[in-house]
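What follows is a short report on a single structure.
Please treat every number below as a calculation from the coordinates, not as lab data. Just so you know, these numbers come straight off a predicted model, no measurement behind them. Quick reminder, even Gly has a Cβ in these numbers, built from the backbone with ideal geometry, and neighbours come from all protein chains shown.
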Amino acid sequence: MIKEKNIFHVLLAGILVISWGSIFVRWVGPVNPAVISFYRLLFSVFLLIPFLLREKQSAGIFRLISGQWPAVGGAGLFLALHFGLWIGSLQQTSVGNSLFLLSLHPLFSWLLSSFFLNEKGSPSFFLAFLLAIPGIFLIVRPDLQTGTGTMAGNFLAMLSALCLAVYLLIARRSRHQTSLVPYLLAVYFSAALFLGIYILIRNIPFTGLSGQSWLFLVLMAIGPNFIGHSLLNWAARKIEVFKVNLMLLLEAVIATILAALIFEEIPDWNFYAGAFLIISAMIFLITRRRE
């Protein structure tokens, strides 16, 4: 049996890879975010097929289709909704508002886990959460906005957080029903399908991209999606899903550090104070004694 601390270490590696997503988006160039999300998921499906064939797990796909496809299709739908609502929130409210409200997904995850999985949050989880949320607030504080004009965007950001929590909740519920590779392939395919339908309905151009755009779309599929999100799903099968969601708050810290190193976008003092609180919360969560 894998120790919980080692699971956290693998999860941290996955979050480090996921954090490159925002950097790759900058390098992709002026491409619609829905198109970026569609291709990163579609390419991930192609990357998973050799693993499915090599491990002779193709039977797992047929089991999903015969009895578990609704749940897996639901996971894909909520993943697609998470991407779409997150994009919509950024178009209607400030980046700070959107990031802060999205950071509530550990709370949603805990509520859903308590109701559907009977997994209760430990005191250490709540202490870590109470440390991390002020940290996120400090990071996004310079960009926070208030007023009725941003209410729709704020609501979309909260819905995006809820969809992310549901997506990982389904991953945990499915851990005993099929192995990881067939599950991931089915989820990524269904999410790409939903996004493809959205792109066609909205008549969004999705061809004629530059060579640089294609390159970084492939890298996004290999890194943040194929490696990062797959490790996220693996961890959700091993530990309580609200802990996975809480660890995801590190993405804001790591992505900001990468942007400072690569694009020389140096953050102000708010970031350092917030990052200290978030990192302290994660260290506490990883190193505390098992309750």
- For the chain, what is the calculated [θ] at 222 nm in deg cm²/dmol (nearest 500), taking -39500 (n - 2.57) for each run of four or more DSSP H residues and dividing by its residue count? -23500 deg cm²/dmol
- Task: Could you estimate the translational diffusion coefficient of the chain from the Stokes-Einstein equation, with Rh from the Kirkwood formula over C-alpha pairs, at 25 °C and 0.890 mPa s, in whole µm²/s?
- Result: 126
- Query: Relative to the present Cα-Cα distance, how much length would full extension add between Phe276 and Arg26 at 0.36 nm per residue of separation?
  - Reply: 87.4 nm
- Query: Once phi is turned into ³J(HN,Hα) by the Karplus curve 6.51 cos²θ - 1.76 cosθ + 1.60 with θ = phi - 60°, what whole-Hz value does each residue of the stretch 11-23 show in order, with x for glycine and proline?
  - Reply: 4, 4, 4, x, 5, 4, 5, 4, 5, 6, x, 5, 5
- Item | Euclidean distance of C-alpha centroids, the stretch 178-236 and the stretch 2-43, integer Å | 10
- Task: Within 10 Å of each residue's Cβ, count the other Cβ atoms and sort Tyr198, Tyr39, Tyr272 from fewest upward.
- Result: Tyr272, Tyr198, Tyr39
- Query: Where is the GNM fluctuation largest for the chain (alpha-carbon springs, 10 angstrom cutoff): His229, His105, His176?
  - Reply: His176
- Among Leu169, Leu249, Leu117: highest mean-square fluctuation, GNM of the chain, C-alpha pairs under 10 Å: Leu117
- Note, the stretch 135-141: 3J(HN,Hα) by Karplus (6.51, -1.76, 1.60, θ = phi - 60°), whole Hz, Gly/Pro = x, goes x, 4, 4, 5, 5, 8, 3
- What FRET efficiency, computed as 1/(1 + (r/R0)^6) with R0 = 35 Å and r the Cβ-Cβ distance, is obtained for Val10 and Ala152, rounded to the nearest 0.05? 0.40
- Note on the structure: Square roots of five times the C-alpha gyration tensor eigenvalues of the stretch 197-291, ordered largest first and given in whole Å, equal 32, 22, 12
- Item | Count, lysine Cα pairs under 26 Å in the chain, 8 or more residues apart or across chains | 9
- Note on the structure: Packing-ranked peptide list from 23-32, 134-143, 158-167, highest mean Cβ count within 10 angstrom first, is 158-167, 134-143, 23-32
- Task: With only Lys, Arg, Asp and Glu charged, each at its Cβ (+1 for the first two, -1 for the last two), find how big the charge dipole of the stretch 4-287 is about the Cα centre; round to the nearest 20 debye.
- Result: 800
- Task: Return the sequence-ordered ³J(HN,Hα) values of the stretch 163-169 in whole Hz as given by the Karplus equation 6.51 cos²θ - 1.76 cosθ + 1.60 applied to θ = phi - 60°, using x for Gly and Pro.
- Result: 5, 5, 5, 5, 4, 6, 4
- Query: Among Gly211, Gly196, Gly274, which one shows the biggest mean-square fluctuation in a GNM of the chain, springs joining Cα atoms closer than 10 Å?
  - Reply: Gly211
